[in-house]
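J.: This is the structure I have questions about; it appears just below.
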């Protein structure tokens, strides 16, 4: 029976890589459905994403590719299946709701394991979709204690990604490092403009004519992780910061869902502080 | 004979302002071609721009409007005529060239008094349009000495606005304060992201997915003046910073020309660090 | 106690209208929160939307405004309260789901009376939000018979607007005329390009580089009613029509919700085949 | 000495194409600077653009590639050098001027052979750039006679592309077929909306909220050739059609220059009525 796989290769650039890789595909009689490569000249790094179909063992393909690529190569042969995600949110429903609707619609190639809130504001909404909701309130706890409880819960699940759908608490390095390249956040500004608290208020005070949103992987540096997707909308002098916020929500949810769709389809490579999105 | 005038009113808000102002227009039998108002609630400031036609003396209209508005009111009755502008540039021709072409085409309601460069790179281009070009090189001078020579030249002209069409030198407070609300700059980033030198390199290093440009009035605070217009374009991982720069030029020139068209048509109010653009 | 009202005036232009209207506001001691006017020169039609607050009887205000405006004037004094809407949909959930989420979030100033489907595909989703769902299948009926049943149901409700959230049946003139200026549709193309069936397939075949969506009032002329809002996104050669469709859904839902928010806030005037959106 | 070449391959899809092509590159010891492929599933057509550097004879490379690709393959090995272009225009200067400025700036990898106008309105502008201008007025001639004179002139030049920078005459099939896939036009609407005369007037009458421009290859079907680039800007009810036209010019010139840059860099494949733009 035919197998379909996404092949992701991330290694130092070397002459003949495309040749050697496509030779493996050819000799295994695979069809290439799509193929994208990129070489980052500055760092001399090679990235490739191919979708192949044919009769083959994914592990064998992986081993053959390892044999002909540089030793440092990070290679994945992924047979597509729904990824498991955990959602985290606070009080605002627009980003979370958009993911729930898309999920209910079958549009997301993902299974939502649960939603974790630090308030119970969103419980009703989540329950409407028959998805487990856990509230871990932070009252009376310091940041470390709260996060420990959250991590305890998270670690009960198998998952591919944690999606922060407007989770309004700052995460500690401990948390972030525990789930490297697995946490996706939506920041409510066009990063790197307006880092930090209440970006819409900052944007309003600065008198900008455009506002935006940024979906990014979360790293140690607050609001500084690799950017996956961004978008913007025009604003004007008639809008107070709350109106900017309202308008911005449409961008936030679209950008987060776009970024989520990229990672669920294995289209994103992280390269230092940047992403390659095929 | 009919006169057409743009009436600009900027004053503290008070009940009945629209009534009192429109009463003046009505009693003078003026037609209102267009009318826009805005009240900034935070500061309690009222802004209005009306275009009126009729048989009237602009000075009389001004006086009648002063009589019925708060004492602090800043009122202008402008009979449209081409504004005089001085262009300043360094080596890049895209922003300057776009203004020259629009001017040659009669699209700008402006007379270009001259172009001042700190290099002579652009002299040939400017001369093609029969516009005076002055090169004031900064070699062997400190910032103050250079600026003094530039100001000496500028002050020989009557002008309404100085347009920095990619003039790549930092201006001193002395210069900026001498021409308050008269200097328009194009900054090659989506401010307030990437303030300072080589924004495209900064943008590339940060791995953003969108770049932009910002036209603003120049104030003491470098890259912090009131924003007049902004726009953006998408970029991707395949683009090095030079390619971002090339792509960004199209946004820069369009944004600068848009901002210029706003100020030439008296559509911009400066309010603290922001603008109202009608 | 203070009353807030939206005053909408649509009448033939005449000298002194702004003066006379603002005089009424002034003499009733009303505050003007916002004020927008527009005169369509071609047709000589005047449009004004003011938000006023003060101590007044809406009916009295209406009468006083009628007394000083041309006879043909269409004037509304609206004390804001949630509008009642009926949603209609077929099988796709993105546009409907977006409205449901916004409604659940309290973002829409509206009460959803019910959702009417011509299939029961969306029943489960709608029930999650505790909103009545009625399926009126068209099986075995001609268009007129089916519509009659739909109208019977609709007419049991009081409502301000019918929102077609991807309702994929063509409406007869009888239906459309029964609810003039009350039916809002989202068309899945950048009208007037790709009128009719499967616009994404048409767009793909034509090889366009941008696709869009259009929210409009429904009139007799299929896909020809007054446009309320439009937006677009870039596409490329790699996308088949189904991928364009998927990408287009994000635009459709945002555009429909934007248009809906305009009409719920009484910001839209219909003027012949166009809209004025303040 | 190192040679750099752009390799363009357009052929029926077959298993192993990437392997065979990259094998040729590898065995000739070429570096691949960039590499993009696309297979159109519907038509089963394969497109590839590679930029390679190394020590090689372009003709030899071409022959080796021909030997391993299907017989129908259309293969080009292009050593980059400035392409020769002929510009045609009527009275409006914005699109032409933008190309002239970019050319003067060295931004376009092109030599402008001449500008041909059917009026002499633009002569002065063109002469400023020391570029030959020929006016072939159509007065007293029928379409065929006029075109014959234009073709006579064109055929005196060697050229790669004819760029219609707002040339407002309809071309006959004879003309179009004589220069297949060599004529690039900018149409002042978001095609396929508003085909034909005065699209801005059409757009204004239809009350659209967005207008656009389309750069395309010219074919027999008026305004129906393969689209190379498109872009849009928002408009509103306050704009008459002349203001839409003015605003649209900024889009027209940017879109035409973008399309021109694509073809000058050999980034465009024509495939039936569509383009693949790498």
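J.: Quantify how strongly other chains surround peptide C:246-255 by giving the mean number of their Cβ atoms within 10 Å of each of its Cβ atoms.
T.: Taking all residues of C:246-255 together, the mean is 3.
J.: A further question on this structure: Over what distance in Å are the Cα centres of region B:1-47 and region C:69-95 separated?
T.: A separation of 31 Å, based on Cα centres.
J.: Related question: Quickly estimate the mean residue ellipticity at 222 nm for chain C, helices only: each DSSP H run with n ≥ 4 gives -39500 (n - 2.57), and the total goes over all residues, rounded to 500.
T.: Using -39500 (n - 2.57) per qualifying helix, the result is -9500 deg cm²/dmol.
J.: Which distances in nm, rounded to one decimal and ordered from shortest, link the label point of residue B:139 to the equivalent label points in the other identical copies, with labels set 7 Å from Cα toward Cβ?
T.: Between copies, matching label points for residue B:139 lie 5.2, 7.5, 8.9 nm apart.
J.: Then there is this: Taking square-rooted eigenvalues a ≥ b ≥ c of the alpha carbon gyration tensor, is region D:179-221 rounded, prolate or oblate, where a/c under 1.5 means rounded and, failing that, a/b exceeding b/c means prolate?
T.: Prolate, since a/c reaches 1.5 and a/b exceeds b/c.
J.: Something else now. Using the reciprocal of the averaged 1/r over all distinct C-alpha pairs, how large is the Kirkwood radius of chain A in Å?
T.: 20.4
J.: Just C:267, C:249, C:102 to compare: in a GNM of chain C, with alpha carbon springs under 10 Å, which one fluctuates most?
T.: So, out of C:267, C:249, C:102, the one fluctuating most is C:102.
J.: Suppose we keep just the DSSP beta bridges with both residues in chain C; what percent of those would be antiparallel, to 5?
T.: The answer is about 70 percent antiparallel.
J.: Here is a follow-up. Among C:31, C:142, C:177, whose mean-square fluctuation peaks in a Gaussian network model of chain C (Cα, cutoff 10 Å)?
T.: Maximum fluctuation in the GNM of chain C, among the listed residues, is at C:142.
J.: Let me ask you something else. Mind listing the label-point distances from residue B:157 to the same position on all other copies, shortest first, one decimal in nm, points 7 Å along Cα→Cβ?
T.: So the distances to the same position in the other copies read 3.4, 6.3, 6.4 nm.
J.: Counting only C-alpha contacts under 8 Å and six or more residues apart, can you give the relative contact order of region C:178-234 as a whole percent?
T.: For region C:178-234, the relative contact order is 39 percent.
J.: Moving on to the next point. Using Cα atoms only, what is the angle between the long axis of helix D:94-104 and the major principal axis of chain D, expressed in degrees (0 to 90) to the nearest 10?
T.: Helix D:94-104 sits roughly 50 degrees off the main axis of chain D.
J.: Would you please give the FRET efficiency between residue D:158 and residue B:273, computed as 1/(1 + (r/R0)^6) with r the Cβ-Cβ distance and R0 = 56 Å, to the nearest 0.05?
T.: The formula returns an efficiency of 0.50 here.
J.: On average, how many beta carbons from a partner chain sit within 10 Å of the beta carbon of a residue in C:229-239?
T.: Taking all residues of C:229-239 together, the mean is 4.
J.: Just to confirm my numbers, what's the Cα centroid distance between region B:246-265 and region D:184-262 in Å?
T.: 20
J.: Using a Gaussian network model of chain D whose springs link C-alpha atoms within less than 10 Å, name the residue from D:122, D:62, D:96 with the highest mean-square fluctuation.
T.: D:62
J.: Continuing with this model, one more query. Alpha carbons only, please: Rg and Dmax for region C:3-78, in angstrom.
T.: Expressed in Å, the Cα Rg and Dmax of region C:3-78 come to 11.6, 38.
J.: Another question about this same structure. Inter-copy label distances at residue C:2, 7 Å along the Cα→beta-carbon direction, one decimal in nm, shortest first?
T.: 4.2, 6.7, 7.1
J.: Would you mind checking the tilt of helix C:58-68 against the longest principal axis of the Cα atoms of chain C, expressed as 0 to 90 degrees and rounded to 10?
T.: Result, in degrees: 70.
J.: Treat each spin label as a single point 7 Å out from the Cα along the C-beta direction, and report the residue A:151 to residue A:4 distance in nm.
T.: The modelled label-to-label distance comes out at 3.8 nm.
J.: A further question on this structure: So what is the relative contact order of chain B, in percent, for Cα pairs below 8 Å that sit 6 or more residues apart?
T.: RCO, chain B: 15 percent.
J.: Whole angstrom only: what separates the Cα centroid of region A:124-183 from the Cα centroid of region C:161-180?
T.: 45
J.: Point me to the residue of chain B whose C-beta lies closest to the B-onto-D rotation axis, rounding the distance to whole angstrom.
T.: Per the B/D rotation axis, the closest residue of B reads B:128, 2.
J.: Among DSSP bridges having both ends in the protein assembly as shown, what percentage is antiparallel? Round to the nearest 5.
T.: 70
J.: What area, in nm² and to one decimal, does the C-alpha convex hull of region B:61-163 cast on average over all directions?
T.: Mean projected area for region B:61-163: 9.0 nm², to one decimal.
J.: In whole Å, what are the extents of region B:1-133 along the principal axes defined by its C-alpha atoms, from largest to smallest?
T.: Extents along the principal axes: 55, 42, 20 Å.
J.: Here's another thing I want to ask about it. Please compute the average number of Cβ atoms from other chains found within 10 Å of each residue's Cβ in peptide A:27-37.
T.: Average neighbour count from other chains, rounded to a whole number: 4.
J.: Convex hull over the alpha-carbon atoms of region B:156-278: what's its volume per residue in Å³?
T.: Per residue, the Cα convex hull of region B:156-278 comes to 104 Å³.
J.: Could you run the Debye sum over the Cα atoms of region C:206-278, one equal point scatterer each and no solvent, and tell me log10 of I(q)/I(0) at q = 0.21, 0.22, 0.23 Å⁻¹, two decimals?
T.: -0.90, -0.94, -0.98
J.: Moving on. In nm, give the distance between the simple-model label positions of residue D:43 and residue B:142, each being 7 Å from the Cα along the Cα-to-Cβ direction.
T.: Output for this residue pair reads 6.8 nm.
J.: Under a point spin-label approximation (7 Å from Cα along Cα-to-Cβ), what is the residue D:55-residue C:168 distance to one decimal in nm?
T.: Going from the residue D:55 label point to the residue C:168 one covers 6.3 nm.
J.: Over the Cα atoms of the protein assembly as shown, compute the convex hull volume and normalise it per residue, giving Å³.
T.: Roughly 213 Å³ of hull volume per residue.
Since every read-out is calculated from the coordinates, none of them should be taken as a lab result. Since we're looking at a predicted model, the values are computed, not measured. Note that we place each Cβ from the backbone using ideal geometry, even for glycine, and neighbour counts take in every protein chain shown.
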